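Peer 1: Handing you this structure, nothing more for now.
The values are calculated or read from the model by the stated rules, or taken from the named source; none is laboratory data. Keep in mind it's a predicted model, so treat the numbers as computed, not measured. Ideal geometry is used to build each Cβ from the backbone, glycine not excepted, and the neighbour counts take in all protein chains shown. Note: accessible area is taken over every heavy atom of the protein model, side chains too, but ligands, DNA and RNA are not part of it. Shrake-Rupley method; radii C 1.70, N 1.55, O 1.52, S 1.80 Å.
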Amino acid sequence: EATIEVSDLRKRFGSTAALDGMTFTVTPGRITGFVGPNGAGKSTTMRVILGLDSADEGTALIGGLRYQALRNPLSHVGSLLDAGALQPSRSARGHLLWLAHSQGLSARRVDEVVEYAGLGTAARRKAGGFSLGMRQRLGIAAALLGDPPVLIMDEPFNGMDPEGIVWMRGLLRSLAAEGRAVLVSSHLMSELQDTAQHLVVVGRGRVIADTSVADLIAAA
Ligand code: ADP
Ligand code: ADP
């Protein structure tokens with residue numbers, strides 16, 4: 001079952017409580033917007049879900065399992081964090097081939113995601129010279145390699161031009177419409193209110209509101 005369940009995550013960095021009881025569920029078939037000001041704990045939550053950071057307390061499960069317990073993780077969950085961690089000296093396609101190889105995925109799949117992410121001929125260029133918007137596209141391609149049912153995107157609109165933002169919205173919507181669970185963070189409500197069907201609003205490491213966008217608009 002392609003669901004993300006975050007339960008009572010707590011984490012301190014020194015005297016800062018980055019996560020203070022963070023609890024929410026991301027269900028398949030819709031975009032869940034994860035919105036809150038900088039420092040609210042969005043990235044830390046995503047890093048804990050993805051096994052890149054550990055929580056002091058609480059659990060984060062993908063389809064009932066911790067990230068570390070997933071076999072072939074790229075086929076369970078795709079992620080875009082920090083515009084994708086890149087190998088700057090490789091071409092974009094080379095980077096994707098290397099990632100695919102490490103997961104037993106085919107080169108044909110690399111060509112599919114290059115096309116899907118709209119990388120075009122830029123795929124032959126070194127990723128180190130990419131603009132942030134192109135790095136986002138490469139990150140999307142990497143996230144989709146394993147055709148995962150769960151997607152976690154940290155600020156995917158950052159650095160994209162207006163045309164890229166429209167493209168990214170359409171892509172995220174179609175990925176959710178295919179039945180995936182899609183978690184997308186932003187510090188801007190305006191970026192998510194027209195994109196997401198559901199919103200988890202956070203501040204100071206915890207959830208302030210957990211609501212469908214339709215209910216939010218009806219209440220306004
Ligand atoms: P957001 O993604 O919502 O901007 P973060 O999860 O990045 O929030 O940060 C939550 C809090 O944790 C902030 O106060 C931030 O400064 C702190 N924090 C995050 N990562 C670290 C770290 N590696 N070391 C120290 N403090 C951190
Ligand atoms: P390790 O366990 O050695 O850290 P990972 O498989 O987690 O290996 O990741 C290795 C490298 O693959 C990362 O440092 C990063 O450069 C790249 N990578 C992994 N996932 C992604 C992704 N979703 N988008 C872009 N690059 C990624």
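Peer 1: Using only Cα atoms, tell me the angle between helix 162-177 and the longest principal axis of the chain; keep it within 0 to 90° and round to the nearest 10.
Peer 2: With both axes taken from Cα atoms, the answer is about 70 degrees.
Peer 1: Taking every Cα atom in the chain, find the radius of gyration and the maximum pairwise distance Dmax, and write them in Å.
Peer 2: Spelled out, the Cα radius of gyration and Dmax of the chain are 16.8, 51 Å.
Peer 1: What whole-number distance in Å separates the alpha-carbon centres of the stretch 175-220 and the stretch 42-114?
Peer 2: Rounded to whole Å, the Cα centres lie 23 Å apart.
Peer 1: In whole percent, and with a 1.4 Å probe on the protein chains, what portion of the accessible area of the chain is carbon and sulfur?
Peer 2: Heavy-atom surface of the chain belonging to carbon and sulfur, 1.4 Å probe: 50 percent.
Peer 1: Here's a follow-up. Under the Kirkwood approximation applied to all pairs of distinct alpha-carbon atoms, what is the hydrodynamic radius of the stretch 152-217 in Å?
Peer 2: Taking every pair of different Cα atoms in the stretch 152-217, averaging 1/r and inverting gives 12.6 Å.
Peer 1: For Ser102 paired with Arg12, estimate the spin-label separation in nm (one decimal), with each label point 7 Å from Cα along the Cα-to-Cβ line.
Peer 2: The modelled label-to-label distance comes out at 3.4 nm.
Peer 1: If you take the beta carbon distance between Glu57 and Ser212 as r and set R0 to 25 Å, what does 1/(1 + (r/R0)^6) give as a FRET efficiency, to the nearest 0.05?
Peer 2: 0.30
Peer 1: So, for the chain, what is the accessible surface per residue at a probe of 1.4 Å, expressed in square angstrom?
Peer 2: 46
Peer 1: Also, I was wondering about something else. Kindly express, to the nearest 10 degrees and within the range 0 to 90, the angle between helix 92-102's C-alpha long axis and the longest C-alpha principal axis of the chain.
Peer 2: Approximately 70 degrees, to the nearest ten.
Peer 1: Considering only DSSP beta bridges whose two residues both sit in the chain, what percent are antiparallel, to the nearest 5?
Peer 2: The antiparallel fraction comes to roughly 50 percent.
Peer 1: May I pose another question? Looking at the stretch 37-95, I'd like the Rg to Rh ratio, where Rg is from alpha-carbon atoms and Rh is Kirkwood's inverse mean 1/r. Walk me through the intermediate numbers first.
Peer 2: Numbers: Rg = 13.7 Å, Rh = 13.3 Å.
We get a ratio of 1.03 for the stretch 37-95.
Peer 1: Here's another thing I want to ask about it. Of all the Cα-Cα pairs you can form in the stretch 98-150, what percent are over 13 Å apart?
Peer 2: That fraction is 56 percent.
Peer 1: In degrees from 0 to 90, rounded to the nearest 10, what is the angle of the helix 132-144 Cα long axis to the longest principal axis of the chain?
Peer 2: It works out to around 90 degrees.
Peer 1: Report, as a whole number in µm² per second, the diffusion coefficient that Stokes-Einstein gives for the stretch 83-202 at 10 °C and 1.306 mPa s using the Kirkwood radius over alpha carbon pairs.
Peer 2: 108
Peer 1: If the elastic network links every pair of Cα atoms under 10 Å, which of Ala181, Ala60, Ala123 fluctuates the most in the Gaussian network model of the chain?
Peer 2: Ala123
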